[in-house]
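Notes to accompany the following structure.
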Amino acid sequence: MALRAKFCHVNFNVLDLERSLAFYEEALGLHEVRRKEGRDFILVYMGDGTTDFTLELTWMRERKEPYDLGEEEFHLAFRVEDYDKALAFHREKGWVCFENEAMGIYFIKDPDGYWLEVLPPR
């Protein structure tokens, strides 16, 4: 029997939950779809309202030091309806950290330093 898995969510750990929630809502239009609170943590799942895939933001109450993101080689990608409008908005906000015009893509950086790839419509 072949295993069939379905994408569910990806997790980013964040230092300032409110700042991250505001960023993902403003930068990419994601909204909180559910939340789980424990004694030592808060998990907030952000969604786009059209798919079941979510971004889980994990905030650890005692964490004060930035997370080690390695060499910024991993990232999460988002497809936007109006690429030029999104790029102009992200440039205006100062969030664009890398552009690859030859490939027609760019990256923005969230408040914790995670890279987010922005793609045009198919």
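Any read-out appearing in this document is the output of simple, stated calculations on the displayed coordinates, not a laboratory observation. Computed from a prediction, not measured in an experiment: that's the story for all the values here.
Summary of computed values
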| item | result |
| --- | --- |
| Karplus 3J(HN,Hα) series, Hz, for region 41-54 with 6.51 cos²θ - 1.76 cosθ + 1.60 (x for Gly, Pro) | 8, 10, 10, 10, 9, 9, x, 9, x, 10, 10, 7, 5, 10 |
| For the chain: relative contact order, % (alpha-carbon pairs under 8 angstrom, 6 or more apart) | 23 percent |
| Computed [θ] at 222 nm, deg cm²/dmol, the chain (DSSP H ≥ 4; -39,500 (n - 2.57); rounded to nearest 500) | -6000 deg cm²/dmol |
| Stretchable slack from GLU32 to GLU65, in nm (0.36 nm times residue separation minus alpha-carbon distance) | 9.4 nm |
| Estimated vicinal HN-Hα couplings, Hz - region 70-76 in sequence order (Karplus 6.51, -1.76, 1.60; Gly, Pro = x) | x, 9, 6, 8, 9, 7, 10 |
| The chain: angle of helix 83-93 to the longest principal axis, Cα-based, in degrees nearest 10 | 60 degrees |
| Calculated from backbone phi, Karplus (6.51, -1.76, 1.60) coupling profile of region 9-25 in Hz, x at Gly/Pro | 7, 10, 10, 10, 8, 10, 8, 10, 4, 4, 4, 5, 4, 5, 4, 5, 6 |
